[in-house]
Amino acid sequence: IILSTTGPMQACQVGNLNPPAWAIGDFMLPPEEYKVVFDPKATCSVCPTGFLVNTVHVVVQVDEACQLIMEVNVEEAAYPTSPDCPEPGPVLCSIGFYTVTLPGAGLFDVGLPIACGCFTMDRLYLLSFYIDSYTCATAPDLIVDAGPATLCTNWNNYGAGWIDLLGTFPTWPGNLVFFA
């Protein structure tokens, strides 16, 4: 949601709004966290002042009925390594864990409610997906767009610290499909 100082709130989406293109299988091994960097100005020009986040969407694919224990959050980008490389920073808002039930094989847009205050439009942020566990026999597939992937955009922490997915895996095909 975008806040307007001159009128009512306007609906808007931020994050990676590109369609899903690639399923990365046998990669998601919980507990771990994934993040995608976004610039709110890139997809939302309704209001130049600020925006609220009320739902975070993560696109996943499963081969069978499955339950995921997961949470989402929104963070501000940090620049500890380079002023040109936004990395995971301080959490601005988060929710507790949700149990998400996926009824069968397929591609799913999992939207989790979250109440995040007003963020300014002049910074970069990250949408985050933490997967604690799942009940399916095969790991859920991580979904990315058609790419190409960009450096300093897709982050993963599987317990050993943050890695840039493209920097670590040079053939990483696209950016994570997370949006709010």
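The values are calculated or read from the model by the stated rules, or taken from the named source; none is laboratory data. What you are looking at is a predicted structure, and each value in this text was computed from that prediction instead of being measured. Please note: Cβ atoms are built from the backbone with ideal geometry, for glycine as well, and neighbour counts cover all protein chains shown. What goes into the accessible areas is simple: the full protein's heavy atoms, side chains included, and nothing from ligands, DNA or RNA. Shrake-Rupley method; radii C 1.70, N 1.55, O 1.52, S 1.80 Å.
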**Message:** With the structure loaded, tell me whether GLY104 is modelled with pLDDT of 95 or more and not in a strand (DSSP E or B) or whether it fails that test.
**Reply:** yes
**Item:** Which numbered condition GLU87 fails, given (1) free of Cβ contacts under 8 Å to residues at least 24 places away in the same chain; (2) surrounded by 13 or more Cβ atoms within 10 Å (Cβ to Cβ); (3) of a type outside the set (A, V, I, L, M)
**Value:** (1)
**Options SER82, SER128; residue that is polar (S, T, N, Q), out of contact with any His (no Cβ under 9 Å at 6 or more places or on another chain) and assigned to a strand (DSSP E or B)** = SER128
**Prompt:** Inside segment 115-140, can you point out the residues that are open to solvent by 20 Å² or more (accessible area, probe 1.4 Å) and either touching a Cys at 6+ places or on another chain (Cβ under 8 Å) or within 17 Å of PHE169 (Cβ to Cβ) (or both)?
**Reply:** ALA115, GLY117, TYR134, THR135
**Fill in**
ILE2 fails exactly one of (1) modelled with pLDDT of 95 or more; (2) buried (at least 19 other Cβ atoms within 10 Å of the Cβ); (3) over 24 Å from PRO140 (Cβ atoms), namely (1)
**Request:** Output the residues belonging to segment 159-180 that are at pLDDT 95 or above, open to solvent by 30 Å² or more (accessible area, probe 1.4 Å) and part of a loop (DSSP other than H, G, I, E, B).
**Result:** TRP162, PHE169, PRO170, THR171, PRO173
**Request:** Could you tell me which numbered condition ILE69 fails, if it satisfies all but one of (1) of a type in the set (A, V, I, L, M, F, W, C); (2) open to solvent by less than 20 Å² (accessible area, probe 1.4 Å); (3) modelled with pLDDT of 95 or more?
**Result:** (2)
**Message:** With the requirement that a residue be hydrophobic (A, V, I, L, M, F, W, C), over 15 Å from CYS116 (Cβ atoms) and buried (at least 16 other Cβ atoms within 10 Å of the Cβ), what does segment 56-66 give you?
**Reply:** VAL58, VAL59, VAL60, VAL62, CYS66
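Applying the selection to segment 11-41, what residues are of a type outside the set (A, V, I, L, M, F, W, C), open to solvent by 70 Å² or more (accessible area, probe 1.4 Å) and closer than 26 Å to CYS93 by Cβ?
The first filter runs over segment 11-41 and keeps only residues of a type outside the set (A, V, I, L, M, F, W, C), leaving 13, 15-16, 18-20, 25-26, 30-35, 39-41.
Those still in the list that are open to solvent by 70 Å² or more (accessible area, probe 1.4 Å) too: 13, 18-19, 26, 31, 41.
Across segment 11-41, the qualifying residues are GLN13, ASN18, PRO31, LYS41.
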**Asked** Is it true that PRO48 is open to solvent by 50 Å² or more (accessible area, probe 1.4 Å), of a type outside the set (A, V, I, L, M), in a loop (DSSP other than H, G, I, E, B) and at pLDDT 95 or above?
**Response** no
**Item:** Which listed residue, of GLY96, GLY117, is modelled with pLDDT under 95, in a loop (DSSP other than H, G, I, E, B) and farther than 20 Å from ASN16 by Cβ
**Value:** GLY96
**Asked** If you go through segment 26-40 one residue at a time, do you hit one that is more than 20 Å from LEU151 (Cα to Cα), touching a residue at least 24 places away in the same chain (Cβ under 8 Å) and in contact with a Cys (Cβ under 9 Å, 6 or more places away or on another chain)?
**Response** no
**Prompt:** Take the residues of segment 10-29 that are out of contact with any strand residue (DSSP E or B) (no Cβ under 7 Å at 6 or more places or on another chain) and more than 15 Å from ASN154 (Cβ to Cβ): which is modelled with the highest pLDDT?
**Reply:** PRO19
